[in-house]
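To start, the structure under review is shown below, and the notes come after it.
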Amino acid sequence: MVDKSKQKEEEKKQQQASNGKQETSARDQSKTHEEQQAVEDNKDENKESSEKEEETKDHKKSTKDSKAKGNKKGKKKDPKEEKIQELGEQVEKLNDRYVRLQAEFDNYRKRTIKEKADLLKSAGEDVLKDMLPVIDDMDRAIETIEAAEDKDAIKAGMQLIDQKFKEFVKQKGVSEIDAMHQEFDTDVHEAMTKIPAPKEELKGKVVDVIQKGYKLNDKVIRFAKVVIGE
């Protein structure tokens, strides 16, 4: 009886030991599986992390390339834009030149108007100044007439003054229009009336001068008033 009890106890211990080994083996297997799973997970994480790093690198490289391309495009201008810019610069230069020319012309116009006004104010100064000696001669002639008894001397004095005055106006460009016995010319003559011509060859010509005409250089300043023969 004692041997059977011992045998049962031994079997029980062996069974417990066997169960313990099985549990240990199961735990070991479970642990090993968990470790393997952890290793696999770690590998997956590393792989995923590596892929993300690669994606990040690719993205950075792509961004860098895009920026480089953008910079290249920015540096290389479109021919149309260059042409527009060139035309804009030309327009600006022409506009500046136009403004300058307009300002210069405006200054010239104002200066010319002022010079013309000054000229009109002083234009007759030289002529009147040169006429003063003739006026002096006329004053002396009048004083001489009152005391003179010789009419021939008075006549000679008046002729001298007349000759001096005509010479003066001639120097100023004034000339008498030749009219007597000349063909009637509407450019220099003004017909006052018509009378029968005293001679056949005087028909259509000036037979009398009522008032002398004068030119200043080539410009008529007074038409000769004449009588025409018919």
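Residues in the stretch 167-194 that are modelled with pLDDT under 90, loosely packed, with under 13 Cβ neighbours inside 10 Å and not in a loop (DSSP other than H, G, I, E, B): Glu167, Lys170, Gln171. Does Ala197 meet the test of being surrounded by 12 or more Cβ atoms within 10 Å (Cβ to Cβ) and in a loop (DSSP other than H, G, I, E, B)? In short, yes. Among the residues making up the stretch 200-226, those that are more than 21 Å from Val127 (Cβ to Cβ), open to solvent by less than 100 Å² (accessible area, probe 1.4 Å) and not in a strand (DSSP E or B) are Leu202, Gly204, Phe223. Which of (1) assigned to a strand (DSSP E or B); (2) without any contact (Cβ under 8 Å) to a residue 40 or more places away in the chain is the odd one out, the single condition Leu160 does not satisfy? Condition (1) is where Leu160 drops out.
The values are calculated or read from the model by the stated rules, or taken from the named source; none is laboratory data. In this text the structure is predicted, and so the values were computed from the model without any measurement. We place every Cβ from the backbone using ideal geometry, glycine too, and count neighbours over all the protein chains shown. In case anyone asks, the SASA skips ligands and DNA or RNA and just uses the protein heavy atoms, side chains included. Shrake-Rupley method; radii C 1.70, N 1.55, O 1.52, S 1.80 Å.
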